[in-house]
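This report refers to the structure that appears directly beneath it.
Derivation of every value follows stated rules applied to the coordinates shown; laboratory data play no part. The structure displayed is predicted, hence computed values, not measured ones. Counting neighbours? That spans all protein chains shown, and the Cβs are built from the backbone with ideal geometry, glycine included.
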Amino acid sequence: MTATGPSQEPSAAHTIQEYQHGYEEERRLRGFRSGCGFVTATWGLRCPQCGQLDLQEFPLSGKGRVTAFTVQTVPADEFVNDAPYAYVLVELDEGGRISGWMPAVRAVEDLAIGDRVHWVASYKPGVQFEKDSAAAQR
Ligand SMILES: [Zn+2]
């Protein structure tokens with residue numbers, strides 16, 4: 001006979017509410033690291049690579065490179081005064097990828113794959129990024 005019930009529920013050291021609280025309220029980004037070396041910037045209950053439950057949480061610098069982007073001209077309601085802007089996928093320096101948006105990018109010519117960007121705290125929803133200075137684009 002196998003035991004069932006709450007004791008069999010997966011438990012994690014973190015919750016999605018805590019994760020959201022992390023960047024929206026306290027203005028910090030959190031990453032999660034598994035014992036197998038897998039790193040993600042996306043909250044999850046377990047490692048998608050090895051299944052480990054107890055992912056170690058660590059602060060992300062919010063720095064990385066643009067790995068994909070698109071310029072949005074038809075925005076969601078929250079961004080109606082910001083269009084056009086870029087919706088970006090950023091490969092973080094610590095590992096993992098995170099999606100966000102860049103209000104300063106008004107056209108595809110304003111950004112390139114591989115450009116260095118950094119996270120900026122904002123009252124707006126989502127994770128907002130800004131392009132690094134030209135000197136830092138190496
Ligand atoms: Zn793992």
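The convex hull defined by the C-alpha atoms of region 51-98 has an orientation-averaged projected area of 5.1 nm².
Exposure proxy for Glu109, Glu18, Glu91: other Cβ atoms within 10 Å of each Cβ, ordered fewest to most, give Glu109, Glu18, Glu91.
The value obtained for region 63-136, namely the Cα convex hull volume divided by the number of residues, is 83 Å³ per residue. Stretched out straight at 0.36 nm per residue, the stretch from Gln17 to Ala107 would grow longer than its current Cα-Cα span by 29.0 nm. Counted by neighbouring Cβ atoms within 10 Å, the residues Glu78, Glu94 run from fewest to most as Glu78, Glu94.
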